[in-house]
1. Among (1) more than 21 Å from LEU44 (Cα to Cα); (2) touching a Phe, Trp or Tyr at 6+ places or on another chain (Cβ under 6 Å); (3) open to solvent by less than 30 Å² (accessible area, probe 1.4 Å), there is one condition ARG153 misses while meeting the rest; what is its number?
2. List every residue pair whose Cβ atoms sit under 9 Å apart, with the two residues 6 or more apart in sequence or on different chains, where the first one lies in region 52-64 and is closer than 13 Å to GLU35 by Cα and the second, anywhere, is open to solvent by 40 Å² or more (accessible area, probe 1.4 Å) and not hydrophobic (A, V, I, L, M, F, W, C).
3. So if I check each of ALA53, ALA109, ALA58, ALA77, which one is within 27 Å of ALA188 (Cβ to Cβ) and among the aliphatic types (A, V, I, L, M)?
4. All but one of (1) among the hydrophobic types (A, V, I, L, M, F, W, C); (2) in a helix (DSSP H, G or I); (3) open to solvent by less than 40 Å² (accessible area, probe 1.4 Å) hold for ALA99, so report the exception by its number.
5. Are there any pairs, at least 6 apart or on different chains, whose C-beta atoms fall under 6 Å, with the first in region 71-86 and in contact (Cβ under 8 Å) with a residue 40 or more places away in the chain and the second part of a helix (DSSP H, G or I) and small (Gly, Ala, Ser), and if so, which?
6. For region 12-34, how many residues are closer than 27 Å to CYS145 by Cβ and at pLDDT below 95?
7. So, in region 109-141, exactly how many residues are among the hydrophobic types (A, V, I, L, M, F, W, C) and open to solvent by 20 Å² or more (accessible area, probe 1.4 Å)?
Amino acid sequence: MARARISPVRNPRSFRRRPGYKAPRSITLIVCEGETEQEYFKALRIHQGLTTAEIVIAEDTKGSAPISVVNYAKEKAREPGGYDRIYCVFDRDHHESFARAREKIRDLARRQKRPLPIEEAISIPCFEVWVLLHHERADAPLHDCDAVIARVRTIIRGYKKADAGIAQDLMGRIDTAMDNARWLEGRATMNDYNPYTQVHRILECFQSLTAQETR
């Protein structure tokens with residue numbers, strides 16, 4: 001695979017090597033709605049053998065609403081050096097700003113002046129759909145996040161949000177989750193995008209970075 005195209009927001013000076021310094025292959029920013037997602041991606045970063053310089057997980061989005069996630073991603077993109085990829089991870093659930101956040105991502109990616117390499121990674125109703133797919137295929141409509149979590153707890157006893165141990169346990173079932181997510185994505189129009197998730201797209205990004213390391 002060819003090296004990822006460098007974002008137009010990347011400052012060329014950031015690639016000037018210092019003695020003993022190895023520049024990262026590319027830098028991906030992940031901005032999440034909540035701590036559950038953050039713990040998952042931290043575990044995934046370790047599992048894939050990637051560094052904190054390559055995968056930056058924002059710690060504070062200054063609000064959990066989808067539009068807050070996107071606004072914070074836009075703010076982070078102005079940091080020196082910029083990012084090669086930016087993912088905004090958020091749920092639909094009952095958020096009023098869900099549609100506005102998706103539209104803003106499209107606007108930022110398509111704007112004529114300094115477009116951002118930004119993408120959405122949404123889940124409907126919530127991130128726990130992705131957790132569920134580590135164990136089974138499920139395409140029956142789920143009313144809200146509570147319903148998804150209840151389903152997850154029939155498989156993962158004692159499941160709770162933002163649990164680093166549970167996130168680590170899920171790493172052994174990534175291939176199953178990827179296969180199930182692609183299957184579910186193919187059924188999206190048939191089940192009116194409920195349930196639905198795009199989180200596997202971030203894993204595909206992680207895997208591509210790992211593959212670059214082996215070349």
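The values are calculated or read from the model by the stated rules, or taken from the named source; none is laboratory data. What you are looking at is a predicted structure, and each value in this text was computed from that prediction instead of being measured. Cβ sites come from the backbone with ideal geometry, for glycine too, and all protein chains shown count toward neighbours. When the accessible area is computed, the model is the full protein with side chains, heavy atoms only, and any ligands, DNA or RNA have been set aside. Shrake-Rupley method; radii C 1.70, N 1.55, O 1.52, S 1.80 Å.
1. Only one criterion in (1) more than 21 Å from LEU44 (Cα to Cα); (2) touching a Phe, Trp or Tyr at 6+ places or on another chain (Cβ under 6 Å); (3) open to solvent by less than 30 Å² (accessible area, probe 1.4 Å) is unmet by ARG153, namely (3).
2. Once the first residue is closer than 13 Å to GLU35 by Cα and sits in region 52-64, its partners that are open to solvent by 40 Å² or more (accessible area, probe 1.4 Å) and not hydrophobic (A, V, I, L, M, F, W, C) give ILE57/LYS42; THR61/ASN71; LYS62/ASN71; LYS62/GLU75; GLY63/ASN71; SER64/HIS95.
3. Result of the check over ALA53, ALA109, ALA58, ALA77: ALA109.
4. The number of the failed condition is (3).
5. GLY81/SER14; ILE86/ALA73
6. Total meeting the criteria: 2.
7. 2
Yes/no matrix, rows are residues, columns are (1) within 23 Å of GLU96 (Cα to Cα); (2) in contact with a His (Cβ under 7 Å, 6 or more places away or on another chain):
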position: LEU29; (1), (2): no, no
position: CYS32; (1), (2): yes, no
position: ALA65; (1), (2): yes, yes
position: ASN71; (1), (2): yes, no
